Every structure is written in structure tokens, then in C-alpha cells.
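Worksheet: one structure, shown below.
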Amino acid sequence: MSLFDLSNRNIIVTGSNRGNGLAIANGLIDAGANVFGIDLEIDNKHNFKQFKVDLTNIDKVNDLIDQIALKYGAIKGLVNNAGVSLASENPYNDSLLYRKTLEVNLNAVFFLTSKVCEMMKKSGGGSVINITSLGADLGFPDNPSYQISKAGLKQLSKAFAYDWSKYNIRFNNICPGYIKTSMTEKSFNDKNLRHDRESRTFLERWGQSEDLIGASIFLLSDASSYITASSIYVDGGWTAKGI
């Protein structure tokens, strides 16, 4: 079990105040990690260090990463979980929505990861997880900006893996299926939509945020030391199911 031990590893989790990010953060703590959460809103009830920062503010993010490394030591892991999915009456003619979605879901990840990689390079390596989506691989209605951002994020992992492997830094994706969170609350509360999504999986159920913990621990630990530029689908079999 020592392969999965994260004791004393400093790991950053974005979007950590609720939902998937909070579940992942708590799971990493149980595996021994020192977790540093970043979110627009923070809750002092959580049992890990939290920082209130807008990830699209590159200068503030860079300063924060410097402060964490200076005070707590080398950063060994990063989970890019923060993301937005915004509704629009005309998603193909809503430039504000398009820019905001890509700014949060893709651009902010690029710059934060670039900063963290410079830290990992100096400390002998690390592991980065990007939380993507079924929308990175499959078509869904009326949300092109979100799908573009998640597809770009998936490819970003491959680009980073290629260029930073020489410094022992690994990059992988976790692709969740439909997880019950505040982001999916509307469709979960609609009985027909809820059952439709359940029927698209082999396991015939929605995912829970806690379902993402195991894959996160695996990809951040030595158990996955020969895995990079890959994706783990935590989707109940959605992407594999045919008729």
C-alpha cells in the first residue's frame, strides 16, 4: 500500500471549496497529503489550507504559488479541477460566455500549470491531473464553449507531458461522467433527465464526487509512476456503452 502513500506531499487542488474538488481534497488528506485549496470562495470548516484567489488573475496566482512553496516546501502535485459551465440562450453568438469559459477552464490551467512545473522542475518532479469531461470526447447540445475548453484541456495534458517529461513531471486526465454536484443539479432533479443519464451507463447510476478520489490518489502517487499523457474515465461506462 506504500505505492499509494501521499504522506507529506504538498498538493494543490483548485475548485476545492465544494463538490468534486472538496471530495478529492479530503481524499488526498486521508492518503497523507498536505492539501492547499484554491477557490473563489473558501470555507474555514474544511480541514486543509485554503486560499481565495481568482485563477484568471495570473499575477496573483503566481504570487500565491511562490508563497506556498516558500512557506511549505516543494509542490509535488496539482489537480486542476476548477471549471465553469455557463448557460446561454445563444451559445454560438455569446462572445462573453465563450471567453469566460475558456479563460477559466483552459487558459487559467495553462498558466497555473506552467508556474507549478517550474517549481516541480527544481524539486525532482511531480504529477498533474486535469479534470476533463465527457464533453472532451462526445458531442452534447447547446454548450460548445465548455466542450471546446475540455477538449483543449485533454490535449494540453499531452503537450505538457511531452515537454516536461525530462524533468520527471507527469500529466494525466480524469474524465468524470455525470457526477451529482451543484453544476449538474438541474438535470439530476429532472426525473426524466436523471434516468436518461443513468441508462447511458453500464452501472446505471450517477457518480458521486467521492468516486473521483481513487483515481486521483493513483495518479498522484508512485503507483502510477509509468503513466503519463493518459486518461482515466470515471463515467460508469458511458463512453464505452453502445446500443
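The values are calculated or read from the model by the stated rules, or taken from the named source; none is laboratory data. As the structure is a prediction and not an experimental result, all values here were calculated from the model. Note that we place each Cβ from the backbone using ideal geometry, even for glycine, and neighbour counts take in every protein chain shown. Areas reflect the complete protein model, heavy atoms only, side chains present, ligands, DNA and RNA absent. Shrake-Rupley method; radii C 1.70, N 1.55, O 1.52, S 1.80 Å.
Before anything else, pin down the relative contact order of the chain: Cα pairs under 8 Å, at least 6 apart, normalised by residue count, whole percent.
Values: 453 pairs, mean separation 49.6, N = 243.
Relative contact order here is 20 percent.
First measure r as the distance between the Cβ atoms of residue 114 and residue 223, then evaluate 1/(1 + (r/R0)^6) with R0 = 22 Å and state the FRET efficiency to the nearest 0.05. Walk me through the numbers on the way to the answer.
Details: r = 26 Å, r/R0 = 1.19.
E(calc), rounded to 0.05, equals 0.25.
Please express the shape of region 95-143 as an equivalent ellipsoid: the semi-axes are the square roots of 5 times the eigenvalues of the C-alpha gyration tensor, given largest first in whole angstrom. Write out the running numbers ahead of the final one.
On the way: eigenvalues 161, 43, 4 Å².
After diagonalising the Cα gyration tensor, the semi-axes are 28, 15, 4 Å.
Give the distance, in whole Å, between the Cα centre of region 74-89 and the Cα centre of region 1-59.
With region 74-89 and region 1-59 each reduced to a Cα centre, they are spaced 12 Å.
Between 66, 94, 137, find the one with the highest GNM mean-square fluctuation for the chain; connect C-alpha pairs within less than 10 Å.
94
Filter 154/186; 52/186; 158/186; 191/241; 76/180 down to the pairs with a C-alpha to C-alpha distance above 31 Å, please.
Table pairs above 31 Å Cα-Cα are 158/186.
Do you know the relative contact order of region 131-180, to the nearest whole percent, from alpha carbon pairs under 8 angstrom that are 6+ apart?
46
For residue 47 and residue 71, what is the calculated FRET efficiency with R₀ set at 30 Å and r taken between the beta-carbons, to the nearest 0.05?
According to the calculation, E is roughly 0.95.
What translational diffusion coefficient, to the nearest whole µm²/s, does region 41-81 have by Stokes-Einstein, given a Kirkwood radius computed over alpha-carbon pairs, a temperature of 20 °C and 1.002 mPa s viscosity?
Value of D from the Cα-based Kirkwood radius: 185 µm²/s.
Distance from the Cα centre of region 126-156 to that of region 166-243, in angstrom?
Taking the Cα centre of each part, region 126-156 and region 166-243 sit 12 Å apart.
Mind telling me which of 155, 147, 67 comes out most flexible in a GNM of the chain, alpha-carbon contacts under 10 Å?
67
In nm, to one decimal, how far is the residue 194 label point from the residue 54 one, both placed 7 Å along Cα→Cβ?
3.6
Considering only 208, 42, 12, whose Cα is most displaced toward the positive end of the charge dipole of the chain, charges sitting on Cβ of Lys, Arg (+1) and Asp, Glu (-1)?
12
As I understand it, the dipole of the chain uses +1 on the Cβ of Lys and Arg and -1 on the Cβ of Asp and Glu, about the Cα centre. Which of 68, 233, 23 lies farthest toward its positive end?
Positive-end residue among those listed: 68.
Hey, got the dipole for the chain? About the Cα centre, +1 on K and R Cβ, -1 on D and E Cβ, debye to the nearest 20?
Around 380 debye, computed over the chain.
Where the accessible area of the chain is counted over protein heavy atoms with a 1.4 Å probe, how much of it, in %, is carbon and sulfur?
About 51 percent, which is the carbon plus sulfur part of the accessible surface.
What's the longest uninterrupted piece of the chain once you rule out the chymotrypsin sites (Phe, Trp or Tyr not before Pro) that are loop residues per DSSP with at most 13 other Cβ within 10 Å?
Free of exposed loop sites, the longest segment is 93-201.
How large is the charge dipole for region 165-243, taken about the Cα centre, if only the Cβ atoms of Lys, Arg (+1) and Asp, Glu (-1) carry charge, to the nearest 20 debye?
For this selection, approximately 180 debye.
If eta is 1.002 mPa s and T is 20 °C, what Stokes-Einstein diffusion coefficient results for the chain, Kirkwood Rh from Cα pairs, in µm²/s? Please list the in-between numbers first.
Values: Rh = 18.2 Å.
Diffusion coefficient, whole number: 118 µm²/s.
What aspartates and glutamates could a cross-link reach from residue 45, if we take a straight Cα to Cα line under 20 Å and drop same-chain neighbours fewer than 8 places away?
30, 210
Build a GNM of the chain with springs between Cα atoms under 10 Å: which of 223, 215, 25 gets the top mean-square fluctuation?
223
When only DSSP loop residues count, what trypsin sites (Lys or Arg not before Pro) in region 1-56 have their Cβ near at most 16 other Cβ atoms within 10 Å? If you can, show how the numbers build up before the last one.
Working: sites: 9, 18, 45, 49, 52; in loops: 9, 18, 45.
Counting only loop positions with at most 16 other Cβ atoms within 10 Å, the trypsin sites (Lys or Arg not before Pro) in region 1-56 are 18, 45.
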